[in-house]
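What follows is a single structure, written as structure tokens, with notes after it.
The values are calculated or read from the model by the stated rules, or taken from the named source; none is laboratory data. Nothing here was measured: the structure is a model prediction, and the numbers come from that model. When we count neighbours, we look across all protein chains shown, and the Cβ atoms used for this are built from the backbone with ideal geometry, even at glycine. Just the protein is used for accessible areas: all its heavy atoms, side chains included, with ligands, DNA and RNA removed. Shrake-Rupley method; radii C 1.70, N 1.55, O 1.52, S 1.80 Å.
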Amino acid sequence: GPKANILLSGNEIRQFASFLMERLNITREEGDDYIVVFKRTTNRLILNEAELLLALAQELQMRTVTVSLEEQSFDSIIQIISGATMLVSMHGAQMITSMFLPRGAAVIELFPYAVNPEQYTPYKTLASLPGMDLQYVAWRNTMEKNTVTYPDRPWDQGGIVHLDKEEQDRILASREVPRHLCCRNPEWLFRIYQDTVVNIASFLDVLREGLKKPNLKKAKVASTVHPGRVRKPKCQTSVQATNEAKLSVSWQIPWNLKYLKVKEVKY
């Protein structure tokens, strides 16, 4: 990514999330503000998780809870996330659950050493869609000493011992994974499956700088609808006479307009 999808807005994502919660018989948690931290148990670990939880609780004056895909059912995780003020997680597929966060909540995505957040943006893109109304902040580990690597693992879990020595040395010396195609690049796999000690001071700095409101409150956003973009815009000029010219503009209406209850749309 990022790849623009002109047919999608946060509106459709939120409708889908509501539909899924309804079918799973989940009601959104209401009550005090709390922070959810996604825990991983096999790889891409936060090695000082307890320290991170304590720092978040002290900084934002909220309770912190952990959730784990390996230890909890999917619907129980959605239930917890649906009432959270903030979701904190290492980059990974589990972050798709951010679609269930309430409006005004924050998504904090952590990246291991040598992984540039600007090159891996699906969850930033999701949080930034008009109508999602989520805040997004990325933190990356810039300190090599705070990372634990696993070169001896199988290749699909980030191992690199199957590569020739020269390539292994290049990867170990590299400070940033170069741009690449998803998803079998050995350097990317090696780096993304690292475990990380989160530097608390730099993490809190990024948090303070990136969040609009340090004391987050769930926003009660008025229901807004976001039409998709207009399609196939055309602009044509024609000369009628020596002193008369004509300009005509035409377009196809947004695909989702017929589903939105709006009386008037201005272009």
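Restricting attention to region 135-153, which residues are of a type in the set (A, V, I, L, M, F, W, C) and either at pLDDT below 95 or touching a Phe, Trp or Tyr at 6+ places or on another chain (Cβ under 6 Å) (or both)?
W139
Listed here are the residues, each with its yes/no results for (1) loosely packed, with under 10 Cβ neighbours inside 10 Å; (2) basic (K, R); (3) over 26 Å from V107 (Cβ atoms); (4) modelled with pLDDT of 80 or more.
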position: A219; (1), (2), (3), (4): no, no, no, no
position: R229; (1), (2), (3), (4): no, yes, no, yes
position: S238; (1), (2), (3), (4): yes, no, yes, yes
position: T242; (1), (2), (3), (4): yes, no, yes, yes
position: A245; (1), (2), (3), (4): no, no, yes, yes
position: S248; (1), (2), (3), (4): yes, no, yes, yes
position: W255; (1), (2), (3), (4): no, no, yes, yes
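Identify the residue in region 130-161 that is over 18 Å from E209 (Cα atoms) and of a type in the set (S, T, N, Q) and, among all such residues, is most open to solvent (accessible area, probe 1.4 Å). Break it down stepwise before answering.
The initial filter retains those residues of region 130-161 that are over 18 Å from E209 (Cα atoms), namely 130-133, 143-161.
With the extra rule that they be of a type in the set (S, T, N, Q), the set shrinks to 146-147, 149, 157.
On the way: N146: 22, T147: 23, T149: 49, Q157: 78 Å².
The qualifying residue most open to solvent (accessible area, probe 1.4 Å) is Q157.
Taking region 35-83, which residues are charged (D, E, K, R) and in contact (Cβ under 8 Å) with a residue 60 or more places away in the chain?
Matches in region 35-83: R44, E51, E59.
So C182 clears everything in (1) at pLDDT below 90; (2) surrounded by 13 or more Cβ atoms within 10 Å (Cβ to Cβ); (3) within 20 Å of V115 (Cβ to Cβ) except one condition, right? Which one?
(2)
Only one of G10, G83 is in contact with a Leu (Cβ under 7 Å, 6 or more places away or on another chain) and crowded, with 19+ Cβ neighbours inside 10 Å; which? Before you say what the answer is, go through the steps one by one.
Details: G83 fails: in contact with a Leu (Cβ under 7 Å, 6 or more places away or on another chain).
Selected residue: G10, the only one of G10, G83 that is in contact with a Leu (Cβ under 7 Å, 6 or more places away or on another chain) and crowded, with 19+ Cβ neighbours inside 10 Å.
Select from region 32-56 the residues that are over 17 Å from E109 (Cα atoms) and hydrophobic (A, V, I, L, M, F, W, C) and write down the one among them that is least open to solvent (accessible area, probe 1.4 Å).
Applying the filter and picking the extreme gives A50.
Test E70 against the stated conditions and say whether it is more than 21 Å from R28 (Cα to Cα), in the same structural domain as S18 (by the TED database), open to solvent by 10 Å² or more (accessible area, probe 1.4 Å) and part of a loop (DSSP other than H, G, I, E, B).
Values: more than 21 Å from R28 (Cα to Cα): yes; in the same structural domain as S18 (by the TED database): yes; open to solvent by 10 Å² or more (accessible area, probe 1.4 Å): yes; part of a loop (DSSP other than H, G, I, E, B): yes.
Yes; evaluated as a whole, the condition is true for this residue.
From the list R28, R63, R44, exactly one residue is closer than 29 Å to N146 by Cα, of a type in the set (D, E, K, R) and in contact with a Gly (Cβ under 7 Å, 6 or more places away or on another chain). Which is it?
R44
Look at A127 and say whether it is at positive phi and crowded, with 19+ Cβ neighbours inside 10 Å.
Spelling it out, it is not the case that A127 is at positive phi and crowded, with 19+ Cβ neighbours inside 10 Å.
Take the residues of region 97-119 that are under 19 Å from S174 (Cα atoms) and in contact with a helix residue (DSSP H, G or I) (Cβ under 7 Å, 6 or more places away or on another chain): which is surrounded by the most Cβ atoms within 10 Å (Cβ to Cβ)?
For region 97-119, the residue satisfying everything is P112.
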